[in-house]
Amino acid sequence: MSRLLAWGVAFVGGLVFGVAGTISQSARIGGWWVGLGVALLAITALLISVRSLTEDRWAALATGMGLMIATLVLSGAGPGGSVVVPQPPEGEISSGQIWTIALPIIVALVVAWPSARASARPTTN
């Protein structure tokens, strides 16, 4: 039961960070995508901390699913036609595209990374 609760909390945490990251990724200061950098750093730190504190790939995956679902929901047009992640002009790349591609890659890397416990085991010859 406690494991399911941990997964639920991790999922909700991922949703919260996903909403914050999706909204803030377009912030620029002097032409630099500062919002994108901060958002990617924040989700990477969140995923690594969930993975290391729970020692559970599934909790990190639940966090990642929350992140990706929030991004998916906010990337579409809203009921009034508003768009949080606009499509860039033809031939250009936007911070929204980088965010949408980098997010699942970071999730996959953190979830697939070898466990620290497994690498600390002594080997017998």
(request) Please give the helices (runs of 4 or more DSSP H) falling wholly within the range 12-125 in which 2 or more residues are surrounded by 17 or more Cβ atoms within 10 Å (Cβ to Cβ), among the β-branched types (Val, Ile, Thr) and touching a residue at least 60 places away in the same chain (Cβ under 8 Å). (result) 95-112
(message) For Ala112, only one of the following conditions fails: (1) of a type outside the set (D, E, K, R); (2) at pLDDT 90 or above; (3) within 14 Å of the chain's Cα centre (by Cα). What is its number?
(response) (3)
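The values are calculated or read from the model by the stated rules, or taken from the named source; none is laboratory data. Just so we're clear, the structure is a prediction, and the values are computed from it rather than from any experiment. With ideal geometry, Cβ positions are generated from the backbone for all residues, glycine too; neighbour counts draw on all protein chains shown.
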